[in-house]
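*Asks:* If you scroll down you'll find the structure; I have some questions about it.
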2 protein chains.
Amino acid sequence: MTDAPMTAPAATATAGEVISRYLTEQAGNFLRALPQAVGEAGARPGALPSLNSPAGSGGTLELLRAVRRIGGALHTFGAVFEPGWAHESRAELRWLLNLLAQEPAYQRRSARLLAAVDSLSGAAPGGAGGPGMLAGHQGAPKARALLDRQLTLARTRAHSTVLQELRSARLHALADRMTLLVGEAPLVESARGKAGEVLPPQAGAAFTALGAAVRALPLHRAATAYQGDALHRLGGAEPTGPALVPAQGRPADADSALAADDAPWHRVRILVKRARYALEVCGRPGDQLMEVDRVLDRHQDAADAAVTAATAARTPRITPATAYVLGVVHADQRLEVEAARFAFGSRWPELPLSPDGWDGPPGQRMG
Amino acid sequence: MTDAPMTAPAATATAGEVISRYLTEQAGNFLRALPQAVGEAGARPGALPSLNSPAGSGGTLELLRAVRRIGGALHTFGAVFEPGWAHESRAELRWLLNLLAQEPAYQRRSARLLAAVDSLSGAAPGGAGGPGMLAGHQGAPKARALLDRQLTLARTRAHSTVLQELRSARLHALADRMTLLVGEAPLVESARGKAGEVLPPQAGAAFTALGAAVRALPLHRAATAYQGDALHRLGGAEPTGPALVPAQGRPADADSALAADDAPWHRVRILVKRARYALEVCGRPGDQLMEVDRVLDRHQDAADAAVTAATAARTPRITPATAYVLGVVHADQRLEVEAARFAFGSRWPELPLSPDGWDGPPGQRMG
């Protein structure tokens, strides 16, 4: 956690001092969370993970949080580090991130999809709102059970992989790297420059990249509700996106069309996180970026859940009623994707991406 | 058509003169359109109506237009007519309306649903936008053919009924009533009062009824996009709606839940039309009412199309792939329902329901 407010880089501090202080804190978080995450993973029955023993609790989430921040800082402020070391460290952190993020993601996806089925079929606990458009539908319990079964299986597999890798030499080597980071990040000459001169241009580059990626989004459409962008017009309004209709003239299959439609949004999500962490390094508040970050997390989760619903509908020998419910759930999750884009499109233009006291331009916003 | 601008009731005109002038014009439209509609119906091959011979063309649409306006005027300004005659006339006009409206409605529904499948599967002509979330899905052509077949059958049946009734004694009697209306509406004593004194309170009552019906809608939710109101929370936010969960504690089935959720909106649609026609009688512009009228027509069409998709999904022996596509289409049409509610919720508060020059308050708006 980096909730403790960081002070802005003092006029006298060097870039190396500022970035070292940040990495020391994050590496400390990493090293504290690691044994906790290992213990949690070992304590969870891998074969039958239930929603009551959340995979993403305590140590694992803390570890993910530190991994993201260290990786982000090494990327954004890469110029002050020994290049080979930074490159290798980022690769190893990315490996751990992908490894650890899966199980909590499957759990969120499971919670999201089962809640969607419950809400659509009017069986939501608490009884908020009335019944849904699938109220009393005979396919709803079957579709729910199918999704639950498939996601439990996926989560169990992810858990086994985590269990295996958490005892690997690769993880031990990464932990050694993090130990080195505490107080002793391998810096280069430019790190001796004043923090206020060296860091802002590098943070600014992160915002420039973010602005450019957002410019490639079909924001002018996303800002108007109910355009059907995530259901009907995949990639249609995106100026820089890849062509979605193959040369043969056949329409692309839905899976690749959806993936290509979501990709630029997923990329913006990563760039928003990097920009957030860059602000953290420089001791600047990033509350508003955190808000759009959450919106884009929701976008990613809904897009992933939609894929799961579509995949489940291809399970052999399911009943038409089950398939019908999965079709409704798939469309519902794509609607959530569209809603997240709308929320992003509404918030983005008002983001003050130039916090006070920032030395350089924090980013040429052209969204 | 009543496109010719009607002059506002002159200060000297009686209520009877104003309303008679309106009814004379509309009854004339009725009598001109009737033989045309009969001819069209007879000329269309009832067994194989195609989208190229629109059921709602020319005469039929003109006839529907006149029927709606005469019925509306008889309802709103009922106090100036001989009550028994007005009551009977309205019942017969309603009969003809229900009879004639079906075939064009099936045709619109067919066009809407096939366009939705085409757009979702990325096969839309013209290629606007990219592929949809069902691009290349093997169930799409099957679902399309199923919807086409079922709606063609329904349309054919409606057409046969129209053909049969258009030669009935009942229709001849109604035509006689309309002939009477040309210049000789059976008025009562109060029709001799000044138009500016008699008509506005009655038109005002139409607006009061509209305002009260709109107040019962969950507009505070509909005004925010992506609340899932037409998919997840049927009737949940409606203060005066009927209870949707039966006493046994079982959730209501989806069909009745959806119907109950849509009913107050359908009612508002009828009241908007009545208010529009009341303005026409008084020679006032009703452009903005026409706009929300169109939005509510879209709401009705999408709700009806959603029912058709859900019904088609219950066809025995369809493949899971077909059922899945119908689930997506069903959700997509409910999304259209929600979008129409959002459009209504955005426009309603800005409607100037007090046009200039109106004598009395045209309606206590409490929406």
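The values are calculated or read from the model by the stated rules, or taken from the named source; none is laboratory data. Given the structure is predicted, the values throughout are model-derived calculations rather than measurements. Counting neighbours? That spans all protein chains shown, and the Cβs are built from the backbone with ideal geometry, glycine included.
*Asks:* Within region B:334-350, take every residue that is over 24 Å from B:R109 (Cα atoms) and among the charged types (D, E, K, R) and give me the one that is surrounded by the most Cβ atoms within 10 Å (Cβ to Cβ).
*Replies:* Among those residues, the one meeting the criterion is B:R347.
*Asks:* With respect to the numbered conditions (1) surrounded by fewer than 24 Cβ atoms within 10 Å (Cβ to Cβ); (2) at pLDDT 95 or above; (3) in contact with a helix residue (DSSP H, G or I) (Cβ under 8 Å, 6 or more places away or on another chain), which one is the sole condition not fulfilled by A:M290?
*Replies:* With (1) surrounded by fewer than 24 Cβ atoms within 10 Å (Cβ to Cβ); (2) at pLDDT 95 or above; (3) in contact with a helix residue (DSSP H, G or I) (Cβ under 8 Å, 6 or more places away or on another chain) applied to A:M290, the lone miss is (2).
*Asks:* For region B:129-147: of the residues being surrounded by fewer than 17 Cβ atoms within 10 Å (Cβ to Cβ) and out of contact with any helix residue (DSSP H, G or I) (no Cβ under 6 Å at 6 or more places or on another chain), which is nearest to B:Q107 (Cα to Cα)?
*Replies:* B:A145
*Asks:* Just to be sure I understand the filter: pairs with C-beta atoms under 8 Å, separated by 6 or more residues or on different chains, first member in region B:129-147 and more than 7 Å from chain A (Cβ to nearest Cβ) and farther than 11 Å from B:T319 by Cβ, second member in a helix (DSSP H, G or I) and β-branched (V, I, T). Which pairs pass?
*Replies:* Once the first residue is more than 7 Å from chain A (Cβ to nearest Cβ) and farther than 11 Å from B:T319 by Cβ and sits in region B:129-147, its partners that are in a helix (DSSP H, G or I) and β-branched (V, I, T) give B:A140/B:V117; B:A140/B:V325; B:R144/B:V117; B:L147/B:V117; B:L147/B:T308; B:L147/B:V329.
*Asks:* Only one of (1) surrounded by fewer than 20 Cβ atoms within 10 Å (Cβ to Cβ); (2) within 20 Å of A:R276 (Cβ to Cβ) is not met by A:L153, so which one is it?
*Replies:* (2)
*Asks:* Just to check your reading of the model, which residue among B:T319, B:T308, B:T315 is in contact with a helix residue (DSSP H, G or I) (Cβ under 9 Å, 6 or more places away or on another chain), polar (S, T, N, Q) and surrounded by 22 or more Cβ atoms within 10 Å (Cβ to Cβ)?
*Replies:* None of the other options fit; the residue is B:T308.
*Asks:* Could you say whether any residue in region B:311-331 is among the hydrophobic types (A, V, I, L, M, F, W, C), farther than 27 Å from A:V307 by Cβ, over 16 Å from the mean Cα position of the chain (by Cα) and not in a loop (DSSP other than H, G, I, E, B)?
*Replies:* no
*Asks:* Please state which one of B:T179, B:T156, B:T208 is closer than 30 Å to B:A312 by Cβ and hydroxyl-bearing (S, T, Y).
*Replies:* When all the criteria are applied, what remains is B:T156.
*Asks:* Six or more apart or on different chains, Cβ atoms under 6 Å: show the pairs whose first residue is in region A:318-333 and on the phi > 0 side of the Ramachandran plot and more than 7 Å from every other protein chain (Cβ to nearest Cβ) and whose second is surrounded by 24 or more Cβ atoms within 10 Å (Cβ to Cβ) and aliphatic (A, V, I, L, M).
*Replies:* No pair meets every condition.
*Asks:* Next up: If you go through region B:81-91 one residue at a time, do you hit one that is buried (at least 19 other Cβ atoms within 10 Å of the Cβ), hydroxyl-bearing (S, T, Y) and either on the phi > 0 side of the Ramachandran plot or at pLDDT 95 or above (or both)?
*Replies:* Yes, the conditions are met somewhere in region B:81-91.
*Asks:* Further question on the same structure: Please go through (1) crowded, with 21+ Cβ neighbours inside 10 Å; (2) modelled with pLDDT of 95 or more; (3) under 20 Å from A:I70 (Cα atoms) for A:A175 and return the number of the only condition it doesn't satisfy.
*Replies:* Failed condition: (1).
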